[in-house]
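So the structure is just underneath, and the comments pick up after that.
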Ligand SMILES: O=C(O)[C@H](O)COP(=O)(O)O
Ligand SMILES: [Mn+2]
Ligand SMILES: [Mn+2]
């Protein structure tokens with residue numbers, strides 16, 4: 001690819017300072033007591049809405065608009081930020097795995113053939129998130145993989161489960177374990193020695209991200225590889241039921257456990273000669289474990305034992321690090337992202353968030369690629385997140401710090417694009433703590449205000465949007481939209497939603513005649529990149545989804 005030069009925009013000038021703000025998990029929904037954004041005091045975001053339709057509108061952020069298999073798939077950070085940064089819609093991991101399983105190609109490709117020799121004398125271990133959330137993994141894909149691997153010679157299979165409660169309702173873990181236990185029993189009926197070997201809640205065991213807390217991965221390692229955990233059970237159904245009885249227990253944070261035989265011996269530690277597959281398709285929360293499983297040199301925690309295994313990811317999780325080196329399904333090839341175009345055209349970028357969302361505005365934004373395109377033109381700043389807490393106890397998180405850092409970058413006039421992710425509405429929304437989520441939304445709104453005020457000072461432009469819904473609806477509803485009661489109680493929705501997200505543009509640098517076009521009613525997140533490329537004074541590449549704005553002459 002040698003033609004990186006973007007055409008100058010015929011009407012919009014270059015060298016503007018443009019703030020691109022992503023509120024994580026901030027959707028649009030009717031006023032309701034479970035709409036935390038509505039309940040919260042959010043004067044800045046409310047003020048944008050008054051400029052509708054010309055400078056405020058809604059965008060699609062779920063299903064096919066972000067490359068997911070169906071319109072029932074809620075949006076998420078990976079696909080949302082991929083679309084925002086890449087300006088096009090790519091078939092995403094969930095869909096690519098579906099296709100590879102349906103056609104059987106998954107069993108013909110390099111990854112599966114790499115692990116297969118271990119089936120002869122070793123065990124096949126499958127590690128991943130056990131739910132039908134469709135954000136990091138999917139139960140039906142795991143079921144197909146179990147069947148397919150056993151039909152192709154896996155004679156001893158051990159499953160290391162991570163319970164969800166974050167992309168699905170809390171408490172649903174029990175049902176998922178029961179379902180998979182049935183499948184394993186069927187396999188045993190066919191002579192395959194298959195069982196669950198270990199488990200734990202995804203947020204406490206294994207699925208940390210962006211190296212926020214390696215202890216999370218270590219707890220998983222101890223259970224999965226070493227066969228050691230503070231809790232030992234004879235069956236996984238019993239494990240999950242019993243551990244959920246502990247005070248304040250929930251699926252996301254279940255402690256690690258191992259399944260033991262009648263002699264108290266762990267049934268499935270990972271040993272030399274085994275095969276391992278991490279069956280999550282989504283990258284961010286599997287990269288750390290992938291490093292521990294693959295890297296000879298590793299100093300993040302004491303692995304005690306580093307078994308010689310054949311390891312494959314469901315996908316390759318990091319295209320720059322080529323990690324893992326073996327994988328069952330090729331990841332989407334998200335190339336020519338906006339960030340890469342911007343550096344080739346001399347546009348200087350600053351990106352910032354706190355640890356738990358840092359990779360969203362860097363790694364995901366750049367098409368699942370770590371590092372800079374051009375370190376002379378880009379600066380990425382990570383504000384350390386609190387670790388070891390659930391964010392409902394600290395709902396303001398680092399929003400203020402992120403905003404202050406963005407303000408400094410804007411006022412320095414050293415950057416053309418200042419890009420941030422404000423995590424609050426999403427991270428606190430996932431805890432299911434409604435009161436804390438209201439506080440979180442207010443904090444995010446205050447952060448937006450700080451950034452907008454800085455833009456005002458430098459005569460710049462702002463573009464404020466979100467990656468998917470979350471905090472705008474915190475209750476499970478029936479088809480007619482009423483809260484769905486269970487045993488007389490509401491069921492708190494910890495997951496994302498299918499709702500659209502707002503986008504607002506403005507600032508003193510935005511000419512009065514720039515408005516949202518009216519001919520893109522189905523516009524989605526993938527239309528945003530062309531929009532900010534215009535705000536930087538360039539035409540977007542011709543194959544990008546069209547820009548949302550036009551320069552009117554009235
Ligand atoms: O990983 C998570 O925290 C959730 O599964 C999805 O949230 P995110 O897509 O906003 O990161
Ligand atoms: Mn998100
Ligand atoms: Mn989220």
Check: How far is helix 93-103 tilted, in degrees, relative to the longest principal axis of the Cα atoms in the chain, given as a value from 0 to 90 rounded to the nearest 10?
Finding: 50
Check: Fewest first, what order do 431, 552, 278 take by the number of other Cβ atoms within 10 Å?
Finding: 552, 431, 278
Margin query: Can you bin every Cα-Cα distance in segment 1-119 into 10 Å intervals starting at zero and give me the percent of pairs per bin, rounded to whole numbers?
Written below: 10, 24, 29, 20, 11, 5, 0
Notebook entry, point to check: Going 7 Å from the Cα of residue 335 toward and past its Cβ, which residues in segment 359-378 have a backbone nitrogen under 16 Å from where you end up?
Noted result: 367-369
Next item on the list: Compare the peptides 238-246, 5-13, 166-174, 416-424 by average per-residue count of other Cβ atoms within 10 angstrom and give them in order, highest first.
Entry: 416-424, 166-174, 238-246, 5-13
Margin query: For the chain, take the longest principal axis of its alpha carbons; what is the angle in degrees between that and the long axis of helix 173-189, to the nearest 10 within 0 to 90?
Written below: 40
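Determine the calculated [θ] at 222 nm for the chain from helices alone, applying -39500 (n - 2.57) to every DSSP H run no shorter than 4 residues and normalising by the residue count; nearest 500 deg cm²/dmol.
After summing the helix terms and dividing by residue count, I get -8500 deg cm²/dmol.
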Next item on the list: If a/c stays under 1.5 just call it rounded; otherwise compare a/b with b/c (prolate if a/b is bigger, oblate if not). Do that for segment 139-296, with a ≥ b ≥ c from the square roots of the Cα gyration tensor eigenvalues.
Entry: rounded
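Given axes a ≥ b ≥ c from the Cα gyration tensor, I'd like to know whether segment 274-339 is rounded (a/c under 1.5), prolate (a/b larger than b/c) or oblate.
prolate
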Notebook entry, point to check: Per 20 Å bin, what is the whole-percent P(r) computed from every C-alpha pair distance within the chain?
Noted result: 22, 54, 22, 2, 0
Check: How would you rank 280-291, 343-354, 179-190, 320-331, highest first, on the average number of other Cβ atoms within 10 Å across their residues?
Finding: 280-291, 343-354, 320-331, 179-190
Next item on the list: Starting from the exponent 0.38 and prefactor 2.2 Å, build the expected Rg for segment 340-499 from its residue count and divide its actual Cα Rg by it.
Entry: 1.17
Next item on the list: Find how many whole Å separate the alpha carbon centroid of segment 81-153 from the alpha carbon centroid of segment 376-448.
Entry: 33
Margin query: When a/c reaches 1.5 or more, the comparison of a/b and b/c decides; with that in mind, is segment 275-383 rounded, prolate or oblate per its Cα gyration tensor?
Written below: prolate
Check: Across all directions of projection, what mean area in square nanometres is found for the Cα convex hull of segment 458-554?
Finding: 9.1
Notebook entry, point to check: Using alpha-carbon positions, what is the distance between the centroids of segment 267-297 and segment 2-63, in Å?
Noted result: 38
Next item on the list: Along Cα→Cβ, 7 Å out, is where each label goes; now give me the distance between the ones at residue 140 and residue 232 in nm to one decimal.
Entry: 3.9
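Computed from the coordinates by the stated procedures, all read-outs in this text should not be read as laboratory data. Since the structure is predicted, the reported quantities are computational estimates derived from the model, not experimental observations. Because the Cβ atoms are built from the backbone with ideal geometry, glycine has one as well, and the counts that use them run over all protein chains shown.
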